[in-house]
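This report concerns only the one structure given below.
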Amino acid sequence: MMKMTRLIDAGLEQVKNILLRMGNIAHEAISTSLKGYIEGLSTYSEVQKISDILIITEEEANDKIFELIARFQPVASDLRLLKSCMKISYSLARYGRYALDISQIYEKIDGLALCEDWIRNHIIEMSEKVLKMIQISVELLNNRDINEARNLSEIEKQVDEMYFKYLDNLMDKPSTVNKCIISSVLVVRYLERIADHATYIGESIFYIVTGEKIILR
Amino acid sequence: MMDNYRIRKIKDRLMRILLWSSLIIAMIPLFSILLDVFINGARAINIDFFLLPTPTVGEKGGIANAIQGTLITLGLASIIGVPIGIMSGIFLSEYHDSKLSQPVRFINDVLSGFPSIVVGIFGYVLIVSVIGFSVIAAAFSLAIIMIPIVTRTTEESLRMVPVAIREAALALGIRRWKTIIFIVLKGGRKGIVTGVLLALARIAGESAPVLVTMGYWRWWFSGLNRPASNLALNIYLFAISPFENWRTLAWGSALFLILMILGISILIRVLTRGKYE
Amino acid sequence: MNRQKLEAELSYKFEIENLNAWFGSKQVLKNINMKIKEKAITAIIGPSGCGKTTLIRCLNRMHETVPDAKVTGRVLFNGVDVYGRDIDPVQIRRKIGMIFQKPNPFPMMSIYDNVAIGLKLNGVKDKRKVDSIVEKSLRMVGLWDEVKDELNKSGASLSGGQQQRLCIARALAVEPEVLLMDEPTSALDPISSAKIELLIRELAEDYTIIIVTHNMQQAARVSDYTAFLYLGELIEYGPTRQIFENPKNELTEKYLTGGFG
């Protein structure tokens, strides 16, 4: 999409590729940990490895971005792109961290084994929406489609609603505190945070393309 | 390959021999004249030569009055010719967008190519016919020869002053005429001095215009409206005279004139050297 | 209300209205309209031949010193049109100093005379006054300590960066209100350039500065406002931060990111 007519372009392409790599790994981390949580499988050591890779890669992305700033003193769209890439790489690293947190909940507390069906279904539905958001956010790195970025904010609102609805439901129903309740509350909280980060990525893409700072949340 | 190289080398050597021999052939007349003048001129030079005026037949004498007359004539010619030349040069260089500058430059070029005898006759018609043979008439004719030389060198040396310098002055809010006189002229000073010296060297050796304007005079200087003795003219007059002592003085005068012009040339060299440092 | 409006107008040093300029039949500036803030640094950027230099040369009426040059439009300087009927361009140039691309100290003139000449030729006779202005000007450009013991040496004996500072001191000596700078560091090494940039920033405390530069980073570093000129037209003009972070015009964006050609 961008012609290679400038020296900085090769560097920008490298940054983009690092972010794409991070995006794919992050997606894998979250889908692995959610699948493990829902189906009752231990994924902690596997997700930890992926999360570590993400943290290292985030560092790699930031180093590259700083190098480009030092070498080319970018301005205008290049400057906005690099500023946004730093934010995006942070969000992608957060994906990995939350994936690890979810795996840890299963490890330390429990999964959905003892849960009622409505809880189980609620979490599965929320997980699907969040995974969809992650997928969109990763694709945005490539296609920079601002309509898709806006779409992210729609889904994020739904996730938010589901989050509060779940808490309301729990408070409405007189039930005893058990492992299911504790772990599921923590997981929906993480899902909500992941959705936020997906929206941040959408905002960053919007800024790269239009130069406008907006809040999609 | 090898043959080709050898042929080229031979060609190169032949060419070099040709150039060297041309140079030597060209230098032979110059050096033989110089040698002649030095040998014969040196015999004429003694203390009397510099202190006494033109002698009568068979007496002791020198060229002191001719040196005096020449210096006065050159001085007067410079007083007339240098300001006009410099001002025309400034005009051509600083007002080159003026409609007048093209014709002025053309006339200047024509003037510099004029045969000096014609200039002399001009001076004769204009001045000698009115006040008679005089230093004024000679100086006037010589000034006319000077003007195109001074104009040309002034124009060229002012052109060498970068536009940036003029712009810097204008941008400081300095008026144009002040810029030219106090800044541009300062930058072209060396070139202008060189031009004036060049013109002086040229007119110091002129005899034809002096011949028709100065008239004959073998005494000390006695007024601008009267003739005065002149070195270049002396060489001509003495050399064709039948008197032995005059002919010796002609050689001496020639040597003195050559040394004077040489001196001016060296001065020019010294002055212009700084430009390229 | 009225007073506020008046003050807002007064804080503009220049108001350029419908300015057009030609060299012969070639139009180099097309209908420029811009207001330039007082005691701020305005940078003019754009590709070669876009009219940057011509624009600033129209402000102090240097443009017309070139044969065949023509100007139309108005340039209000402190509210007065410099192209007005009774305006003497020489008086305008005394109030608007200019620094050129290549340092151009007067040759055959000492360091002292280079700074003093503008005063002397503009009629300041008092030697003590000239001395004090020369010192003050050289101090302002940070050259005094370097040259105070050799004021009689030729201006050309200084290094390139020192020469350019000397030229700035020369311009300051006639006490202008504005300094126009035409790529003042393009002939200098990076360290000398950095010194000049710092100096420009310091001078902006007291002077209105307009700097033409090829070097976009220099414009970004040094200026408060940036104007982008392209093919004789003012494409975009605004606070430097906005121009460099978030230009509104696509041409500006392309030029800044090097996507031209």
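Since every read-out is calculated from the coordinates, none of them should be taken as a lab result. No experiment lies behind these values; they were computed from the predicted model shown. Positions of Cβ are backbone-derived with ideal geometry, glycine not excepted, and every protein chain shown enters the neighbour counts.
Observations
- Estimated at 0.36 nm per residue, the fully extended path between residue B:56 and residue B:10 surpasses their Cα-Cα distance by 10.2 nm.
- The mean count of C-beta atoms from other chains within 10 Å of the C-beta of residues in A:67-76, rounded to a whole number, is 4.
- Each of A:162, B:27, C:62, C:181 was scored by other Cβ atoms within 10 Å of its Cβ. Listed from fewest to most, they are B:27, A:162, C:62, C:181.
- Between the range C:14-44 and the range B:87-139, the alpha-carbon center distance in angstrom: 48 Å
- Distance in nm between pseudo-label sites at residue A:5 and residue C:175 (7 Å out along the Cβ direction from Cα): 5.2 nm
- Cα-centre dipole for chain C with unit charges at Cβ (Lys and Arg positive, Asp and Glu negative), debye to 20: 400 debye
- Any cysteine of chain A lacking a neighbouring Cys Cβ under 4.7 Å - listed by number: A:85
- Fully extending the segment from residue A:114 to residue A:168, taken as 0.36 nm per residue of separation minus the present Cα-Cα distance, adds 17.4 nm.
- Separation of the range B:182-199 from the range C:189-261 is 43 Å, based on Cα centroids.
- Listing C:196, C:16, A:215 from fewest to most neighbouring C-beta atoms within 10 Å gives A:215, C:16, C:196.
- FRET efficiency for the pair residue B:247 and residue C:102, taken as 1/(1 + (r/R0)^6) with r the Cβ-Cβ distance and R0 = 41 Å, rounds to 0.10.
- Amide H contacts of residue C:13 (H built 1.01 Å from N, under 5 Å, at least 5 apart or other chain): C:36, C:37, C:38
- Cα-based helix-to-principal-axis angle, A:146-172 vs chain A, degrees rounded to 10: 20 degrees
- Protection proxy ranking of C:117-129, B:61-73 - average other beta-carbon atoms within 10 Å, highest first: B:61-73, C:117-129
- Distance between the 7 Å Cα→Cβ label points at residue B:38 and residue B:160: 3.1 nm.
- Sequence-separation-based contact order of chain B, relative, with Cα cut under 8 Å and 6+ spacing, percent: 26 percent
- Residue with peak Gaussian network fluctuation, chain A [Cα springs, cutoff 10 Å], from A:131, A:140, A:170: A:170
- Cut-off 14 Å between beta-carbons: net charge of the residues surrounding residue C:22, Lys and Arg +1, Asp and Glu -1: +2
- The mean count of C-beta atoms from other chains within 10 Å of the C-beta of residues in C:101-107, rounded to a whole number, is 5.
- Between 0 and 90°, nearest 10: helix A:117-143 axis offset from chain A longest Cα axis: 0 degrees
- Helix screen, chain B: DSSP H segments with Cα axial length of 15 Å or more and mean Kyte-Doolittle hydropathy at least -0.5 are B:2-44, B:64-94, B:101-112, B:135-160, B:189-204, B:244-273.
- Approximate spin-label separation residue A:129-residue B:273, in nm, with each point projected 7 Å along Cα-to-Cβ: 9.4 nm
- Per-residue shielding of C:79-85, expressed as the average number of other chain Cβ atoms within 10 Å of the residue Cβ, stands at 0.
- Note on residue C:18/residue C:260: beta-carbon distance plugged into 1/(1 + (r/R0)^6) with R0 of 30 Å gives a FRET efficiency of 0.65.
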